[in-house]
Amino acid sequence: MLSSGSIICEESPSEVLELSAIKSILNAYSGSEIFDIAWEASINPWVENTYAMLNLHSGKLVGHEEFTMKLNTSYLILRKIRLQSLNPGDILNEKELMEFHRFGKPLQVYCENSNLNLKQRVIEYESNIWAQCSWYWEAIITESLDNFYDNSMNQAVGD
């Protein structure tokens, strides 16, 4: 299962940017910028997971849905958005939640019919989560990068 910190690596990775360059690029982006890249990549965030990823060859931050990822390069996953697991109580207040239950249709449809800005609600929810646990994901991402580069160096020495 792919999550923040996962590295998707082509079978024989060609030259990737230096670790220090990758870390500098990562420091240039905020959590909200990374979220926006993942969100904008999604055709329908209610159906598939969507990701913000850093291309380890070019240093470019890109977004992809799960089944549109290009497997001919190496990526570091920075953010995963999975709206299918979103609980209505995560983004609706008490009054809206009661209306939603009476409405009897999916959350996406309720938000559209009620003129609720779904993206803004998800951003607020995700921002709260990120504020509470970004230290954890940042540590996971750093560890994954360090392991990837250590393994790449060991393979290069062994060749």
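Summary of computed values
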quantity: Positive minus negative residues near Gly31 (Lys, Arg vs Asp, Glu; Cβ under 12 Å); calculated: -3
quantity: Distant-in-sequence amide H partners of Leu17 (H built 1.01 Å from N, under 5 Å); calculated: His57
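Each reported figure results from applying straightforward, stated rules to the coordinates on display, with no laboratory input. If you're wondering where the values come from, they're calculated on a predicted model, not measured in any experiment. Cβ sites come from the backbone with ideal geometry, for glycine too, and all protein chains shown count toward neighbours.
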